[in-house]
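What follows is calculated from the coordinates using simple rules that are stated; it is not laboratory data. Here the structure is a predicted model, which is why all the values come from computation and not from measurement. Cβ placement follows ideal geometry from the backbone for every residue including glycine, while neighbour counts extend to all protein chains displayed.
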Amino acid sequence: MDWGMKNRLASIFNQKSGKTVMLAVDHGYFQGPTTGLKKPREAITPLLPYSDCLFVTRGVLRNCITPTANVPIFLRVSGGPSVLGELSNEDITTSMKEALRLNAVGVGISIFVGEKNEDRTISNLGRLVNEAEEYGMPVLAITAVGKEMARDARYLGLATRIAAEIGAHMVKTYYCAEDFDKVVEGCPVPIVIAGGKKIPERDALQMAHDAVSKGAAGVDMGRNIFQSENPAAMIQAIRAVVHENYSVDEAFELFNELNNKKVVSGVVE
Ligand code: R5P
């Protein structure tokens with residue numbers, strides 16, 4: 001791995017814990033104005049001080065994030081279909097030149113293993129990696145899971161391994177309660193977990209805790225943070241689990257404490 005690639009990856013991983021809390025706010029690229037992200041600037045800005053990295057599209061980045069924000073950017077570069085269409089019909093939508101112009105530290109693309117356009121999305125990943133390698137740009141592959149697919153270790157193990165074999169430098173996938181450690185073992189690059197649909201705060205903390213205990217390199221979490229009743233408190237509780245080895249009880253207590261104080265961006269209101 002060359003210096004630029006290593007340096008970009010190092011910028012999102014906490015030096016002490018070796019893990020990362022990425023904030024995923026790219027949902028609008030196929031869902032439109034998602035609950036909790038209807039006003040992206042207002043929703044995201046208070047969370048920036050607690051994000052090791054922002055996973056975002058160029059549109060929201062350009063229009064809603066101040067260029068002076070000191071947060072590494074992982075740019076979503078795939079898309080195409082909306083939530084009303086065939087979701088696996090994605091292509092590369094944002095060029096490498098654009099990612100470099102936006103000073104991204106990485107680019108992200110979805111693959112749809114087992115779906116209608118599985119082969120094309122996996123080939124797209126390969127093409128993106130070929131180009132990214134020329135510029136020392138890390139590629140995060142996201143294993144999108146269709147409605148019909150079981151989110152079990154067998155499927156997630158298949159999808160994450162394929163992503164790594166094609167050349168992804170990191171993989172984002174979902175957590176599964178059974179045998180997640182086997183998914184991690186079978187994937188030779190770091191795995192971060194997506195949070196999925198909003199669940200109660202304590203359950204989301206439990207999921208982050210279990211994922212990290214079983215070898216995940218961190219989270220790239222969206223809805224369970226920005227749809228929380230207190231997103232700033234939730235992301236701090238997630239950080240405590242990922243970076244400071246908090247137990248689930250301790251992290252939930254921290255969430256409640258911050259929530260009761262109505263802490264927003266470190267300021268007690
Ligand atoms: C999915 O479309 C995006 O890649 C999200 O970034 C990913 O699913 C993580 O967000 P969430 O935690 O809401 O699942």
> Stretched out fully, how many nm does the piece from ASN256 to ASN130 gain, at 0.36 nm a residue minus the Cα gap?
Replying inline: 40.8 nm
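Pull out the extension gain between ASP179 and LYS197, defined as 0.36 nm times the separation in residues minus the alpha carbon to alpha carbon distance; nm, one decimal.
Computed gain between ASP179 and LYS197 is 4.4 nm.
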>> If amide hydrogens are placed 1.01 Å from N in the peptide plane, which non-local residues have theirs closer than 5 Å to the one on GLY222?
In response: ALA24, GLY195, GLY196
>> Multiplying the sequence separation of SER247 and ASP2 by 0.36 nm and subtracting their Cα-Cα distance, what value in nm do you get?
In response: 84.5 nm
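Around GLY186, under 15 Å between beta carbons, what's the net of Lys plus Arg minus Asp minus Glu among the other residues? Provide the component values of the computation, followed by the final result.
Working: positive: ARG154, ARG161, LYS182, LYS214; negative: ASP152, GLU165, GLU178, ASP179, ASP181, GLU185.
Combined, the nearby Lys, Arg, Asp and Glu give -2.
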>> Defining a contact as two alpha carbons under 8 Å apart and six or more residues distant in sequence, what relative contact order in percent does the chain show?
In response: 18 percent
> If the cut-off is 12 Å between C-alpha atoms, which aspartates and glutamates fall inside it for LYS6, apart from same-chain ones fewer than 8 positions away?
Replying inline: GLU133
> Using alpha-carbon positions, what is the distance between the centroids of region 15-43 and region 133-206, in Å?
Replying inline: 17 Å
> How big is region 1-120 by Rg and Dmax over its Cα atoms, in Å?
Replying inline: 15.0, 43
> Going down the list LYS172/LYS214; LYS38/LYS198; LYS38/LYS97; LYS172/LYS197; LYS147/LYS197; LYS182/LYS214, which pairs span over 18 Å between their C-alpha atoms?
Replying inline: LYS38/LYS97
> Rounded to the nearest 500 deg cm²/dmol, what is the calculated helix-only ellipticity per residue at 222 nm for the chain, with -39500 (n - 2.57) per DSSP H run of length n ≥ 4?
Replying inline: -12000 deg cm²/dmol
>> Can I get the semi-axes of region 111-205's equivalent ellipsoid? Compute them from the C-alpha gyration tensor as square roots of 5 times the eigenvalues, in angstrom, largest first.
In response: 23, 15, 13
> If one takes the longest principal axis of the Cα atoms in the chain, at what angle in degrees, from 0 to 90 and to the nearest 10, does the Cα axis of helix 248-260 lie?
Replying inline: 60 degrees
> Rounded to two decimals, what is Rg over Rh for the chain when you use alpha-carbon atoms and the Kirkwood radius?
Replying inline: 0.94
> Rounded if a/c is under 1.5, else prolate if a/b beats b/c, else oblate: with a ≥ b ≥ c from the C-alpha gyration tensor eigenvalues square-rooted, which is region 129-269?
Replying inline: prolate
